[in-house]
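Right, one structure below, let's go through it.
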Amino acid sequence: MTDIKAQPFPFPLQREAAALIVIDMQRDFAEPGGFGASLGNDVSRITRIIPDVKRLIAGFRSAGLPVIHTMECHRPDLSDLPPAKRDRGNPSLRIGDKGPMGRILIAGEPGTAILPELAPIDGEIVIEKPGKGAFYATGLGDILMRKGIKQLVFAGVTTEVCVQTTMREANDRGYECLLVEEATESYFPEFKSAAIAMIQAQGAIVGWTAHIDDILEAIN
Ligand code: C5J
């Protein structure tokens with residue numbers, strides 16, 4: 001066991017049981033014309049973390065540790081999109097509407113794809129998820145169990161929505177969760193800070209947070 005320098009106290013890394021999970025680094029959240037922009041957000045906040053997420057993925061790959069990617073998306077017939085989700089947020093383009101990068105957050109559309117710089121390579125798991133959390137209505141739990149994964153290192157967007165929701169789902173299922181501070185972002189800096197504070201609070205009630213260099217040093 002190797003300890004990773006982390007908050008609120010060192011993270012007890014079990015190298016053979018750890019995986020990186022990269023949440024929703026999709027064009028729809030990071031590029032003009034996508035879902036994030038349609039809600040009035042400044043998407044440049046998201047593109048700024050791409051180099052750090054890329055470095056983190058490269059570190060896990062070179063250490064021979066699993067990299068899992070998630071994508072928030074829905075079926076073309078919208079049968080997995082609850083009206084309550086489609087109607088909320090007052091965006092200029094709703095989920096399923098046709099935008100400049102194809103239909104918003106629909107599986108297979110260009111805008112729904114993972115950013116090319118962070119694209120999965122052969123053999124990496126990609127989870128398509130209709131919810132904010134990656135365990136809801138997906139095979140993620142079974143996949144992790146089959147692979148003997150017990151610790152999840154989190155990157156991706158947005159910190160307080162899909163990243164935090166998935167961390168909480170994982171924490172409730174018994175996984176030890178570590179959020180990489182430089183490799184996650186929100187459209188709202190105060191929400192990122194608040195999510196980090198919530199995760200670290202009360203003796204790691206939801207998990208730990210750490211810096212990218214401390215993680216890469218521990219795994220390589
Ligand atoms: C949002 C996400 N923010 N991936 N999705 O709607 O966080």
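The values are calculated or read from the model by the stated rules, or taken from the named source; none is laboratory data. In this text the structure is predicted, and so the values were computed from the model without any measurement. Please note: Cβ atoms are built from the backbone with ideal geometry, for glycine as well, and neighbour counts cover all protein chains shown.
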Kindly indicate whether Glu181 is assigned to a strand (DSSP E or B) and away from the ligand (no atom under 14 Å from the Cβ).
-> yes
Based on what the data block shows, is Ile149 more than 24 Å from Arg27 (Cβ to Cβ) and part of a helix (DSSP H, G or I)?
-> no
Considering only the stretch 46-62, state which residues are aliphatic (A, V, I, L, M) and surrounded by fewer than 16 Cβ atoms within 10 Å (Cβ to Cβ).
-> Ala58
Among residues of the stretch 95-112, those that are surrounded by fewer than 18 Cβ atoms within 10 Å (Cβ to Cβ) and closer than 29 Å to Cys177 by Cβ, counted | 1
Does Lys150 meet the test of being more than 20 Å from Gly34 (Cα to Cα), charged (D, E, K, R) and touching an Asp or Glu at 6+ places or on another chain (Cβ under 7 Å)?
-> yes
Looking across the stretch 113-151 at residues that are away from the ligand (no atom under 16 Å from the Cβ) and among the hydrophobic types (A, V, I, L, M, F, W, C), the single one that is farthest from Ile199 (Cα to Cα) is Ile121
Residue selected from the stretch 163-182 under the condition surrounded by 24 or more Cβ atoms within 10 Å (Cβ to Cβ) and more than 19 Å from Ile212 (Cα to Cα), by the criterion farthest from the chain's Cα centre (by Cα) = Ala170
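Can you find a residue in the stretch 184-191 that is within 15 Å of Asp24 (Cα to Cα), away from the ligand (no atom under 15 Å from the Cβ) and not acidic (Asp, Glu)?
No, every residue in the stretch 184-191 fails to be within 15 Å of Asp24 (Cα to Cα), away from the ligand (no atom under 15 Å from the Cβ) and not acidic (Asp, Glu).
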For Glu72, which of the numbered conditions (1) farther than 20 Å from Arg94 by Cα; (2) touching a residue at least 12 places away in the same chain (Cβ under 8 Å) fails to hold?
-> (1)
Would you mind stating whether Glu185 is of a type in the set (Asp, Glu) and buried (at least 23 other Cβ atoms within 10 Å of the Cβ)?
-> yes
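Any residue that is part of a helix (DSSP H, G or I), at pLDDT 95 or above and over 17 Å from the mean Cα position of the chain (by Cα) - is there at least one of those in the stretch 96-117? Working first, answer last.
Restricting attention to the stretch 96-117, the residues satisfying the condition of being part of a helix (DSSP H, G or I) are 110-112, 116-117.
Subset that is at pLDDT 95 or above: 110-112, 116-117.
With the extra rule that they be over 17 Å from the mean Cα position of the chain (by Cα), the set shrinks to 110.
There is at least one residue in the stretch 96-117 that is part of a helix (DSSP H, G or I), at pLDDT 95 or above and over 17 Å from the mean Cα position of the chain (by Cα).
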Residue check: is Val157 surrounded by fewer than 24 Cβ atoms within 10 Å (Cβ to Cβ), under 19 Å from Phe35 (Cα atoms) and within 12 Å of the ligand (Cβ to nearest atom)?
-> no
For the stretch 46-60, indicate whether the set of residues that are within 12 Å of the ligand (Cβ to nearest atom), of a type in the set (D, E, K, R) and in contact with a helix residue (DSSP H, G or I) (Cβ under 8 Å, 6 or more places away or on another chain) is non-empty.
-> no
Gly40: small (Gly, Ala, Ser), within 15 Å of the ligand (Cβ to nearest atom) and under 16 Å from the mean Cα position of the chain (by Cα), yes or no?
-> no
